[in-house]
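The values are calculated or read from the model by the stated rules, or taken from the named source; none is laboratory data. Given the structure is predicted, the values throughout are model-derived calculations rather than measurements. Please note: Cβ atoms are built from the backbone with ideal geometry, for glycine as well, and neighbour counts cover all protein chains shown.
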Amino acid sequence: MRHHAHLTALVLTAVAAIVAGACGGATQPAPTTAPTTAPTAAATAAPTAAPTAAPKPGELDKATIDKAKQEGKLTFYTSLNEDDAKFVIAEFNKAYPEIKVTLNRKSSEKIVAQFITEAKAGSVLADVLETGGLDIAKPIKEGLIQEFRPPAADKFPDNLKDPKGLWTAARLGIESIAWNTTLVKAEDAPKSFEDLADPKWKGKILIESTDVEVLLALAKLKFKDDAKTTDYLKKLAANDLQPSAGHTETLDLLIAGQRAVFWGAHGHTTARKAKDGAPVDYMRTEGVLTVDGAVLPKGAPNVNAAKVFINWYLGEDGQKAVAARKRVPARPGIADPALMPKTTYVSGPEGIDDFAKYDKMWKDILGFQ
Amino acid sequence: MRALPRPDSRVLIPLAAAGLLLYLVGFPLAMLLLGSVSVEGEVTKGLTLANYIETYSSPRTYTLLLNSVLYSLGSSLLALTLGTGLAWIVERTNTPGRRAFFALSLVPLIVPGVVSTIAWIFLLSGQIGVINRAAMAVFGLESAPFSIFTLGGMIWAEGLHLSPLVFLVMSAAFKSMDPSLEESALMSGAGTARTLRTVTLPILLPAFASASLIMFVRGLESFEVPRLIGVPGRVPVFTSAIYSELHDYPPDFGGAGALAIGLLLISVVGVWAYQRLTRRAERYATVTGKAFRPRVLDLGRWRYAAAGGLVAYFLVIIGLPFGILLFASVIPFYIPSLEILSRFTLDNYRFVFDHPSIQLAVRNSFLLGATAATVTMGLTAIIAWITTKTRLPGRAGLDFIAFVPIAIPGLVLGVSMILQYLSPAFRVLPIYGTLWILVVAYTTKYLPYGMRTNSAAMLQIHKELEEAGAMSGASWWLMFRRITLPLLRPALVAGWIYIFIVSVRELSASVLLVTSESTVLAVVIFDLFESGKSNAVAALSVMLILTLLVIVAAVQRLTGRFGIKE
């Protein structure tokens, strides 16, 4: 749902804007409390600010941690599913038993919609927001997020963190091609996204009707050329795609044998189903990696606790907790290599700027309304 | 005779009810309207009519309109035919086994929309549909006889899903109908069929018109079927288009608003037609002070045919999807082959029992459903009294306003409630983050259903009863409580059950308003579904259906079949 997710969120923001506008500024804009917290935070995080005991690499300074323990609580807004989120929180509490975490778990577009609407209504309730890249781009664009560079993410590659320090990748989503192993023999399975442009797949392809983010990543990082992308999409369209709504629903249809392959299937859910014995597998030769970012809202009520949580989450322990739930952590070297495609195209929050273009291409060529 | 009716309650209570109605509907409606005339849906960017011009000058809009109308008409016709026919058989004939049918008929209502729609796909898909495969095997067909991914398939899935609601509304109407008119017609030599046509059906007109109106609009605003069947079938309708407008970046909230207002206007025309149709209220007033007992028609040998109809409905509409659900609930993943039963497992049920948030959600949902249903039916009973029994200026307006929520997309309602209850400028009650905000949301969203059920039933009540009450010196409140509400009972119960059930299923507004502590069933089901636990959701649905059957059967025993006391 992540991809169609972000858009709904945006609408909601728009709605929020209407009301914020309609009430003529009677509401208190969220950022009022932010200017005080942001600079302090930057100062304390700087290595020079702790002359007595400099923090070890990857760790926050003692002053922030102490203040976090004083705050003693935080609210975590995430799209991680409930069981996984509770597991992560329990692991966090092993390291920081003093900090009580309140969970607000919703699908990506909904959690962002709620966050933005709350902020526009004048109440920032979230301390940490963690969700899909195109969704997280929205509050960043709205100026609702403050800069924070978690020391734990110092070694993250450039495409997994924002140069301005507004977001850091916490998890990755694998978007690939899945197939029904009863209907497709291993040797016939697709090895690349282009393979499905071959007419031999005509009438055999399922596709999630809002999966523009995959197209966007392929266009920018694989084809690197709009003419090639258009050509690819036209060949794909000629193969009589069956559109479907929702990744889970589409995967269920694939397993039941509605069609043989699913363009844009989620790797980790496919792997879970395969582990349960379902006749399904996915392509490991190449795949799009979507980024789930962790961000620190401006005006977060427990800003120090939020920093401690984010830093722990992106560090070894937090990321191992993510991997333990069969998900894909962003921190290099921790994800289960069996899940990862060989060649990957990483699609982060910046993709939002090109979204409209590829959304139009998608709808025009594939004929989805 | 002690005194004249006290004027205070007569004026104050209806006035308060009307005020509450305006309060509930006003804010979300204002947001929808403002958004539709704002640049990019944001009022801060200026006002414009471009959204409307763009939307309604595009040929695509008219394709959507045509699809939507065909889909709604088709599914409401199917639902009305099935629901009315069943209500008649159950309430007015001596068909054997009809009593047991009432509870069973509610089953399709409790199953989450996403689950029942997928069940129909698993039954009727050209590739994997169980019915298609069976038909091909039995009749030696080359290709699948049915295809779910068509307009017809959408109508089938939605119409069957709506039919229990028609059944509820129409059985309430059949129960409240004084049979003396029918008897007179029969005595004067009119045959059964003629009596049905010239007497019974005209008297039932308000209820039937109400049901038609709700069905039609319900079809227009339905979402699961257009999403899961319409998208693969490439049959776009209004709701899927609004959804898609909301999915663009930047999101076209203005365009979505303009479409939603179009939907609202179509609904308003419906309400207007209903008011015209039923404007001579006294025509339908068959509930008078005289005691009566709805007449039961002896169908003779035909009663076995009627029983056969009930059984067929039960097997096809309830049995087949339930069978798929039951099958899916005991296997780790669904494939259309009995071989998978070699992997029989109770893990899905175990998962449901062990999942703490499911128990919390079930408790919250049942509590919320009951509260919202009670508040909505109570409030709309008073509003319906104003619109049908008084000559108050502006009463028709109340009827329209109570109908507005039907066109407000759930997500828009959710957002407007966050703003209304969180921002200091509007906040009246500190209910954000509690269950109460959900009560307010559900009450708002289901006002139209309460209103239609109540006003249709109110038209059947003759004013002489209230006049008698007033003459004996009863205050308005006393009269309302002791005379009107008891006479409304069948409709109140029918509406209550329906609102209870749809509240438990409500997702789009709830999802923005729940917290981990105030989570509800529909949200938990959606989350489970999203994280790939569709077979656990099947197990949960089976358990919900069984729970519902037990509750309804118990309530039936306790209240003597919801009817007027016999």
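Any residue at all in region B:208-220 that is farther than 19 Å from B:SER68 by Cβ and not in a helix (DSSP H, G or I)?
No, the conditions are met nowhere in region B:208-220.
Could you check region B:331-450 for helices (runs of 4 or more DSSP H) lying wholly inside it with 2 or more residues that are under 18 Å from the mean Cα position of the chain (by Cα), more than 28 Å from A:GLU249 (Cα to Cα) and in contact (Cβ under 8 Å) with a residue 12 or more places away in the chain? Give the steps one after another, and end with the answer.
Numbers: elements: B:347-354, B:356-389, B:395-403, B:410-422.
Fully inside region B:331-450 and qualifying: B:356-389, B:395-403.
For the structure I just gave you, tell me whether B:THR63 is within 11 Å of chain A (Cβ to nearest Cβ), surrounded by fewer than 20 Cβ atoms within 10 Å (Cβ to Cβ), among the hydroxyl-bearing types (Ser, Thr, Tyr) and without any contact (Cβ under 8 Å) to a residue 40 or more places away in the chain.
no
Inside region A:105-140, can you point out the residues that are under 18 Å from A:ASP83 (Cα atoms), away from chain B (no Cβ under 11 Å) and either of a type in the set (S, T, N, Q) or assigned to a helix (DSSP H, G or I) (or both)?
A:THR131, the sole residue that qualifies.
Would you confirm whether any residue within region B:209-228 is of a type in the set (A, V, I, L, M, F, W, C), over 19 Å from the mean Cα position of the chain (by Cα) and within 14 Å of another protein chain (Cβ to nearest Cβ)?
Yes, region B:209-228 contains at least one residue that is of a type in the set (A, V, I, L, M, F, W, C), over 19 Å from the mean Cα position of the chain (by Cα) and within 14 Å of another protein chain (Cβ to nearest Cβ).
I need the full set of residues from region B:318-351 which are within 23 Å of A:ALA271 (Cβ to Cβ) and of a type in the set (A, V, I, L, M), in order please.
Within region B:318-351, B:ALA328, B:ILE331, B:ILE335, B:ILE340 qualify.
Kindly indicate whether B:ARG133 is among the charged types (D, E, K, R) and away from chain A (no Cβ under 14 Å).
no
Being more than 10 Å from chain B (Cβ to nearest Cβ), among the hydroxyl-bearing types (Ser, Thr, Tyr) and closer than 30 Å to A:ALA126 by Cβ is the requirement here; does A:THR290 meet it?
Yes: the conditions hold for A:THR290.
Name the residue that is surrounded by the most Cβ atoms within 10 Å (Cβ to Cβ), counting only residues in region B:232-280 that are at pLDDT below 75 and more than 9 Å from chain A (Cβ to nearest Cβ).
Ranking the candidates gives B:ILE242 first.
Any residue in region A:229-244 that's basic (Lys, Arg): show its pairings with residues that are surrounded by fewer than 21 Cβ atoms within 10 Å (Cβ to Cβ) and not in a loop (DSSP other than H, G, I, E, B) at Cβ separation under 8 Å, as long as the two are six or more apart or on different chains.
Matching pairs, first to second residue: A:LYS234/A:ILE365; A:LYS235/A:ALA197.
Is at least one residue of region B:479-501 closer than 28 Å to B:MET170 by Cα, small (Gly, Ala, Ser) and in contact with a Gly (Cβ under 8 Å, 6 or more places away or on another chain)?
Among the residues of region B:479-501, at least one is closer than 28 Å to B:MET170 by Cα, small (Gly, Ala, Ser) and in contact with a Gly (Cβ under 8 Å, 6 or more places away or on another chain), which makes the answer yes.
Evaluate the following for A:ILE334: is it closer than 28 Å to A:PRO163 by Cβ, in contact with a helix residue (DSSP H, G or I) (Cβ under 6 Å, 6 or more places away or on another chain) and part of a helix (DSSP H, G or I)?
Spelling it out, it is not the case that A:ILE334 is closer than 28 Å to A:PRO163 by Cβ, in contact with a helix residue (DSSP H, G or I) (Cβ under 6 Å, 6 or more places away or on another chain) and part of a helix (DSSP H, G or I).
Does B:LEU546 satisfy the criteria of being closer than 16 Å to B:GLN359 by Cα, surrounded by fewer than 24 Cβ atoms within 10 Å (Cβ to Cβ) and away from every other protein chain (no Cβ under 14 Å)?
yes
Looking at this structure, is B:TYR313 among the aromatic types (Phe, Trp, Tyr) and assigned to a loop (DSSP other than H, G, I, E, B)? It would help to see each step written out before you state the result.
Details: among the aromatic types (Phe, Trp, Tyr): yes; assigned to a loop (DSSP other than H, G, I, E, B): no.
Here the answer is no, as B:TYR313 does not meet what is asked.
Anything in region A:113-138 that is out of contact with any Gly (no Cβ under 8 Å at 6 or more places or on another chain) and under 20 Å from A:LEU172 (Cβ atoms)? List them, or say none.
A:VAL128, A:LEU129, A:ASP135, A:LYS138
Going through B:ALA372, B:ALA396 one at a time, which residue ends up being crowded, with 24+ Cβ neighbours inside 10 Å and away from every other protein chain (no Cβ under 14 Å)?
B:ALA372
Which condition from (1) aliphatic (A, V, I, L, M); (2) at pLDDT 85 or above; (3) within 30 Å of the chain's Cα centre (by Cα) is the one that B:VAL114 breaks?
All conditions pass for B:VAL114, except number (2).
Being touching a helix residue (DSSP H, G or I) at 6+ places or on another chain (Cβ under 7 Å) and more than 22 Å from A:ARG272 (Cβ to Cβ) is the filter; apply it to region A:150-181 and report the residue that is surrounded by the fewest Cβ atoms within 10 Å (Cβ to Cβ).
The extreme case among them is A:PRO151.
Go through B:VAL225, B:VAL235, B:VAL231 for me and flag whichever is assigned by TED's automatic domain parsing to the domain that holds B:ILE155 and not in a helix (DSSP H, G or I).
After applying the criteria, what remains is B:VAL235.
Is region B:162-178 home to any residue that is over 27 Å from B:VAL552 (Cβ atoms), crowded, with 24+ Cβ neighbours inside 10 Å and assigned by TED's automatic domain parsing to the domain that holds B:TYR313?
Among the residues of region B:162-178, not one is over 27 Å from B:VAL552 (Cβ atoms), crowded, with 24+ Cβ neighbours inside 10 Å and assigned by TED's automatic domain parsing to the domain that holds B:TYR313, which makes the answer no.
Please give the number of the condition B:ILE53 fails out of (1) away from every other protein chain (no Cβ under 14 Å); (2) touching a residue at least 12 places away in the same chain (Cβ under 8 Å); (3) part of a helix (DSSP H, G or I); (4) farther than 27 Å from B:GLY495 by Cβ.
(2) is the only condition that B:ILE53 fails.
Tell me yes or no: at least one residue of region B:469-477 is assigned to a helix (DSSP H, G or I) and either among the charged types (D, E, K, R) or within 25 Å of the chain's Cα centre (by Cα) (or both).
No, because not a single residue in region B:469-477 is assigned to a helix (DSSP H, G or I) and either among the charged types (D, E, K, R) or within 25 Å of the chain's Cα centre (by Cα) (or both).
Here is a check on your reading of the model: is B:PHE139 among the aromatic types (Phe, Trp, Tyr), within 14 Å of chain A (Cβ to nearest Cβ) and on the phi < 0 side of the Ramachandran plot?
So B:PHE139 does not fit the description; no.
Here are some residues: A:GLY367, A:GLY315, A:GLY333, A:GLY348. Which one is modelled with pLDDT of 95 or more and either assigned by TED's automatic domain parsing to the domain that holds A:THR229 or surrounded by fewer than 21 Cβ atoms within 10 Å (Cβ to Cβ) (or both)?
Working: A:GLY367 fails: modelled with pLDDT of 95 or more; A:GLY333 fails: modelled with pLDDT of 95 or more; A:GLY348 fails: modelled with pLDDT of 95 or more.
Just a single option satisfies the conditions, and that option is A:GLY315.
Would you point out which residue out of B:ILE437, B:ILE499 is within 14 Å of another protein chain (Cβ to nearest Cβ) and either in contact with a strand residue (DSSP E or B) (Cβ under 9 Å, 6 or more places away or on another chain) or closer than 30 Å to B:ARG10 by Cα (or both)? Quick ask: steps written out before the conclusion?
Values: B:ILE499 fails: within 14 Å of another protein chain (Cβ to nearest Cβ).
On inspection, the qualifying residue turns out to be B:ILE437.
Restricting to region A:240-282, name every residue that is part of a strand (DSSP E or B), β-branched (Val, Ile, Thr) and at the interface with chain B (Cβ under 9 Å from one of its Cβ atoms).
Step one: list which residues in region A:240-282 are part of a strand (DSSP E or B), which gives A:242-244, A:261-266, A:280-282.
Of the ones still in play, those that are also β-branched (Val, Ile, Thr) are A:261, A:280.
The answer is A:VAL280, and nothing else.
Report yes if B:GLU517 is crowded, with 22+ Cβ neighbours inside 10 Å, of a type in the set (D, E, K, R) and outside the structural domain of B:MET177 (by TED's automatic domain parsing), otherwise no.
Criteria not met by B:GLU517.
Those residues that are free of Cβ contacts under 8 Å to residues at least 40 places away in the same chain, hydroxyl-bearing (Ser, Thr, Tyr) and more than 14 Å from A:ASN81 (Cα to Cα), I need them from region B:513-557; list them, please.
Correct list: B:THR547 only.
Given the structure, is B:LEU438 at pLDDT 85 or above and crowded, with 17+ Cβ neighbours inside 10 Å?
yes
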